[in-house]
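Presented below is the structure to which this report refers.
The values are calculated or read from the model by the stated rules, or taken from the named source; none is laboratory data. All of these numbers come straight from a predicted model, not from anything done at the bench. Cβ coordinates were reconstructed from backbone atoms using ideal geometry, including for glycine residues, and neighbour counts include every protein chain displayed. Accessible surface is based on the protein model in full, side chains and every heavy atom, while ligands, DNA and RNA are left aside. Shrake-Rupley method; radii C 1.70, N 1.55, O 1.52, S 1.80 Å.
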Amino acid sequence: PEQQKLIVGAEVALWSEQSDTVTLDKYLWPRAAAMAEVAWSSKTDSTGHVRTTQEVVQRLHDQRFRMVGRGIGAEPLQPLGGHY
């Protein structure tokens, strides 16, 4: 917590040896959305409610739906109907 104020950003890596133009959208954007959730969202919401995995999964599912609607072939982060 003391050093948290020193963090100015975050990044997502994708090994180029394991990807190409066909798989780029499939792997990169869902993982980037998940990383953004972790990097920029606090553990609690504005009311102090601790965020649950179920709430996060729903937001990430919605984000993937928006990506697919824009023509990005984003892979689901979990199987359809899957639960954590």
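Of everything in region 13-32 that is in a helix (DSSP H, G or I) and polar (S, T, N, Q), the residue that is most open to solvent (accessible area, probe 1.4 Å) is GLN18.
Among the listed residues LEU60, LEU28, LEU77, LEU14, which satisfies the condition of being in contact with a Ser or Thr (Cβ under 8 Å, 6 or more places away or on another chain) and of a type outside the set (Phe, Trp, Tyr)? Residue meeting the stated conditions: LEU28. Within region 1-29, residues that are over 16 Å from ALA74 (Cα atoms) sit with their Cβ atoms under 6 Å from residues that are modelled with pLDDT under 85 and open to solvent by less than 100 Å² (accessible area, probe 1.4 Å), at 6+ positions apart or across chains, in these pairs: ALA10/ALA39.
When ALA10 is tested against (1) open to solvent by 90 Å² or more (accessible area, probe 1.4 Å); (2) assigned to a loop (DSSP other than H, G, I, E, B), just one condition goes unmet, and that condition is (1).
Suppose we keep only residues that are open to solvent by less than 70 Å² (accessible area, probe 1.4 Å) and small (Gly, Ala, Ser) within region 39-68. Which one would you say is nearest to TYR27 (Cα to Cα)? Among those that are open to solvent by less than 70 Å² (accessible area, probe 1.4 Å) and small (Gly, Ala, Ser), it is ALA39. All of (1) more than 30 Å from GLN4 (Cβ to Cβ); (2) of a type in the set (D, E, K, R); (3) part of a helix (DSSP H, G or I) hold for GLU75 with one exception: (3). Residue-level check: of (1) at pLDDT 85 or above; (2) touching a Lys or Arg at 6+ places or on another chain (Cβ under 7 Å), LEU60 misses just (2).
Screening MET35 with (1) outside any loop (DSSP other than H, G, I, E, B); (2) farther than 19 Å from ALA74 by Cβ gives one miss only, at (2).
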